[in-house]
Amino acid sequence: MRGVGVSLSSALLALTLLLSPLPALAVNPDEILADPALEARARTISAELRCMVCQNQSIDDSNAELARDLRILVRERLTAGDSDRQVLDYIVSRYGEFVLLKPRWSEKTWVLWAMPAGLLVIGAAALFVFALRRGGKPAGTVLSEEEQRRLDEILGGSGNRKG
């Protein structure tokens, strides 16, 4: 009986591993560099670059032709001796900031980075002002004698009047 439980557990584990989504790296074997250190740098850089066709994938994960061209370009620049920063700067100069999956902090993007905090501050200030204005006002107004008399008539009697 114990052997059945172990084999069932093993089968379930194997099935889970087979069906679990694994990242599909699109780097082709002919693109991989012989130097493992350069290849690791290329993979790191490729993970930071957006596929201009897919737009929500890095070039490392994309099968698009443009992504392949960018992966090859990254590897060529690294082989030529460029630093990681130089490779990124070169690609950004050709394709623009949009090619970066995580935009850099710059004078062009400070609004993008500051907007969430700014909106939070503006929202908190608006709620504070609304609460101040709303807090001091009475909920209603006192009825005049004529209005109270008319209400008593509508409700069917004058004995319901409170003080």
- Residue among Val111, Val142 that alone is surrounded by fewer than 10 Cβ atoms within 10 Å (Cβ to Cβ), free of Cβ contacts under 8 Å to residues at least 24 places away in the same chain and farther than 30 Å from Glu97 by Cα: Val142
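To keep it simple, each residue is scored yes or no on (1) surrounded by 10 or more Cβ atoms within 10 Å (Cβ to Cβ); (2) free of Cβ contacts under 8 Å to residues at least 40 places away in the same chain; (3) under 31 Å from the mean Cα position of the chain (by Cα); (4) part of a loop (DSSP other than H, G, I, E, B).
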site: Asp60; (1), (2), (3), (4): yes, yes, yes, yes
site: Leu66; (1), (2), (3), (4): yes, yes, yes, no
site: Ile72; (1), (2), (3), (4): yes, no, yes, no
site: Val87; (1), (2), (3), (4): yes, no, yes, no
site: Tyr90; (1), (2), (3), (4): yes, yes, yes, no
site: Ala126; (1), (2), (3), (4): yes, yes, yes, no
site: Phe130; (1), (2), (3), (4): yes, yes, yes, no
site: Arg149; (1), (2), (3), (4): yes, yes, no, no
site: Ile154; (1), (2), (3), (4): no, yes, no, no
- Residue set Ser62, Ser106, Ser83; condition of a type in the set (Ser, Thr, Tyr) and either touching a strand residue (DSSP E or B) at 6+ places or on another chain (Cβ under 6 Å) or more than 19 Å from Ile32 (Cα to Cα) (or both); output residue Ser106
- Item | Filter pass, Val142 being in a loop (DSSP other than H, G, I, E, B), aliphatic (A, V, I, L, M) and farther than 30 Å from Asp35 by Cβ | yes
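Scan the range 95-111 for residues that are part of a helix (DSSP H, G or I) and farther than 19 Å from Met52 by Cβ and report the count.
Count: 2.
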- Message: Residue under question is Arg104, and the condition is that it be outside the structural domain of Ile45 (by TED's automatic domain parsing), surrounded by 10 or more Cβ atoms within 10 Å (Cβ to Cβ) and modelled with pLDDT under 90; does it hold?
- Response: yes
- Item | Breaking point among (1) loosely packed, with under 10 Cβ neighbours inside 10 Å; (2) on the phi < 0 side of the Ramachandran plot; (3) at pLDDT below 90; (4) not β-branched (Val, Ile, Thr), for Pro116 | (3)
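Taking the residues in the range 34-46 that are in contact (Cβ under 8 Å) with a residue 40 or more places away in the chain and surrounded by fewer than 16 Cβ atoms within 10 Å (Cβ to Cβ) as candidates, determine which candidate is farthest from the chain's Cα centre (by Cα).
Here the residue is Leu38.
The values are calculated or read from the model by the stated rules, or taken from the named source; none is laboratory data. As the structure is a prediction and not an experimental result, all values here were calculated from the model. Using ideal geometry, Cβ is built from the backbone for each residue, glycine included, and neighbour counts are taken over all protein chains shown.
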